[in-house]
Each structure stands twice: as structure tokens, then as C-alpha cells.
Amino acid sequence: MSESRVQRRRRFLVCEPRHFAVQYAINPWMHPDVRVDVDLAQEQWQSLISTYRAHGHTVDAVEPVPGLPDMVFAANSAVVVNGRVFGSFFHAAERRPESTHYDMWFKAAGFTVHRPESVCEGEGDLVWTGRYVLAGTGFRTTREAHREVQEFFGHPVISLTLVDPYFYHLDTALFVLDEDTVVYYPEAFSPGSREVLARLYPDAVLATRDDAMAFGLNSVSDGRHVFIAPQAESLAARLDDHGYVPVPVDLSEFQKAGGGIKCCTQEIRP
Ligand code: ARG
């Protein structure tokens with residue numbers, strides 16, 4: 001059955017975790033008293049990058065900046081559709097300087113960057129499905145930003161309300177498998193948003209709280225391979241049943257900051 005799933009090669013933007021640490025707490029996963037093993041984090045991150053490359057994907061990197069421990073979470077820096085870059089404006093003051101560094105990378109790479117007027121955390125909350133943008137709100141990205149994103153891209157933006165602080169970004173509660181399907185954890189959403197998702201995606205793969213707590217929803221799919229946390233074992237098995245090929249990549253050190261595979265991966269869509 002997996003023969004029927006077609007891979008599309010991607011271009012990813014990442015940031016090495018050279019200065020990664022947990023120094024402040026802006027989500028329930030973060031405990032500044034918990035030590036991060038920087039060497040292990042480096043190893044885990046390098047294996048994510050080599051796994052992407054081994055599967056035919058292109059990976060570009062932004063230079064990490066000292067004093068910005070969350071900069072490794074490249075997904076939050078922007079959302080890029082049709083080569084158009086909608087930049088970021090972080091909720092937490094600690095993360096605000098990251099935007100400028102990513103914007104500089106995009107400019108040097110030949111893109112123009114739109115700077116949002118209200119809080120907006122890139123692909124953390126703005127998920128391009130191939131047809132529209134699913135947009136999370138409730139903890140970080142605002143509804144004003146959703147409107148701005150729709151004006152900017154001219155694609156429909158569908159606002160979804162997140163209700164569980166452990167799943168504070170949309171990309172911790174949902175990911176896109178391909179143009180037709182998503183995977184999500186229903187209880188992370190308000191009742192109305194749950195209904196919206198059920199209408200849009202009657203064939204979605206539904207995840208459990210255990211899958212979500214294992215960062216199984218913070219996965220990256222290329223249409224065939226799903227780069228997924230090994231701890232999300234049961235979800236990986238279900239994806240396999242659906243004809244996808246789970247590729248386990250362990251980013252356990254990053255979970256201490258509330259991040260996983262997708263958080264470390266910005267997609268540049270030409
Ligand atoms: N510590 C970071 C924060 O709370 C983690 C960001 C995770 N990124 C993501 N795309 N969910 O902002």
C-alpha cells in the first residue's frame with residue numbers, strides 16, 4: 001500500500017542548537033531548573049538533518065545567535081507559501097529578537113519578508129495544507145494575525161482555537177500528511193474548532209493524548225515519509241497502516257523546551 005504514497009522533495013530551513021538551553025519558561029514543558037544535555041541535543045539535531053538529506057530533501061541553515069536559546073525552533077520564524085515570506089512577531093519578549101535574524105537570512109536568500117503587525121509565530125501556528133492555511137490561536141498567534149495572513153497570501157485562512165496549554169502551538173496538535181489528510185489530537189481544540197476539522201477532514205487520522213504528549217503531532221511529512229518522534233509508537237503504527245512510512249527521529253532533549261521535529265523545521269515552499 002505504501003507504494004501509492006508519493007514523496008515530494010522539500011526545502012527546509014533549520015538552525016543549529018549551538019546555544020540551545022532552557023533559560024525561561026513560556027510553555028508548560030519548560031523548567032529552567034532542568035539541565036539540557038547540549039552534546040546530546042547537537043547529536044539528535046544532526047541526525048534529523050542527515051535523515052532529511054538521506055531522504056532527498058534540501059536543508060539550509062541560519063547561523064545561531066548567542067542568547068537566543070529557542071532559535072533552534074526555526075518553524076516559528078515565518079510561513080512561506082509560493083515563495084512569499086510572512087515573518088514572525090513573538091509573543092514572548094525573550095524570543096522577539098529571533099525574527100530579525102531569520103528575516104536577514106531570507107533577504108540574503110532573495111526573498112522579501114512581510115513583517116506582521118500582531119503576534120504571529122510562523123509555522124508554529126500557521127499550517128499550509130496545500131489548499132488553505134489552518135491557523136491556531138489561543139496561546140500565541142492572534143486572530144488579527146490570521147486576518148493579516150489571509151490578506152497577504154490571498155488564500156483562505158481557517159482559524160482554530162487551541163485550549164490545552166501543553167499544545168500551545170497548532171503544530172503540537174496537528175500536522176499535514178498530504179493535500180488531502182491531516183493528523184490531529186481533537187481535545188487540543190475548542191468544540192467548534194473540532195467540528196470544523198471534522199468537516200474539512202472526515203478521513204483524518206485522530207491521535208490520542210499519549211501520541212500528542214510524545215510530540216507525535218509535531219511531525220513532518222513529505223507525502224510518503226513521516227519524520228516522527230519514536231516515543232509516538234502507536235501513532236507511527238497507525239500511519240504505517242495508512243500507507244505512510246514512519247521515519248523515527250529522536251529529539252527528546254528539545255522536548256524540555258516544548259519542541260520537536262516540526263518545531264525545528266521551517267519549510268520553504270517555492
Ligand atoms: N520554547 C519554545 C516556545 O515556547 C518552543 C517552540 C516550539 N516550536 C513550535 N513550532 N511548536 O516558544
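The values are calculated or read from the model by the stated rules, or taken from the named source; none is laboratory data. Since the structure is predicted, the reported quantities are computational estimates derived from the model, not experimental observations. Virtual Cβ from ideal backbone geometry, glycine too; neighbours counted across all protein chains shown. All accessible areas refer to the heavy atoms of the entire protein, side chains included, with ligands and DNA or RNA removed. Shrake-Rupley method; radii C 1.70, N 1.55, O 1.52, S 1.80 Å.
Some notes on this structure:
- Members of segment 234-246 that are closer than 18 Å to Thr51 by Cβ and surrounded by fewer than 19 Cβ atoms within 10 Å (Cβ to Cβ): Asp240, Val245
- Selection status of Val62, β-branched (Val, Ile, Thr), within 16 Å of the ligand (Cβ to nearest atom) and farther than 13 Å from Cys264 by Cβ: no
- Pair list, Cβ < 7 Å and 6+ apart or interchain, from segment 187-198 residues that are of a type in the set (A, V, I, L, M, F, W, C) to residues that are surrounded by fewer than 17 Cβ atoms within 10 Å (Cβ to Cβ) and not in a helix (DSSP H, G or I): Ala188/Val163; Phe189/Val163
- Some residue of segment 3-25 being of a type in the set (S, T, N, Q) and under 27 Å from Ser252 (Cβ atoms): yes
- Output for segment 96-113, where each listed residue is open to solvent by less than 10 Å² (accessible area, probe 1.4 Å) and either more than 17 Å from Gly124 (Cα to Cα) or within 15 Å of the ligand (Cβ to nearest atom) (or both): Glu98, Ser99, Tyr102, Phe106
- Listed by position, the strands (runs of 3 or more DSSP E) inside segment 6-86 whose residues that are open to solvent by 10 Å² or more (accessible area, probe 1.4 Å) and farther than 23 Å from Phe167 by Cα number at least 1 are 11-15, 58-62, 84-86.
- Within segment 74-92, considering residues that are within 14 Å of the ligand (Cβ to nearest atom) and among the aliphatic types (A, V, I, L, M), the one farthest from Arg11 (Cα to Cα): Ala92
- The set of residues from segment 114-140 being more than 23 Å from Asn27 (Cα to Cα) and within 16 Å of the ligand (Cβ to nearest atom) comprises Trp128, Val133.
- Residue pairs whose Cβ atoms lie under 9 Å apart, sitting 6 or more positions apart in sequence or on different chains, and linking a residue in segment 158-176 that is under 21 Å from Gln266 (Cβ atoms) and within 9 Å of the ligand (Cβ to nearest atom) to a partner that is assigned to a strand (DSSP E or B) and among the polar types (S, T, N, Q), are Leu170/Thr137.
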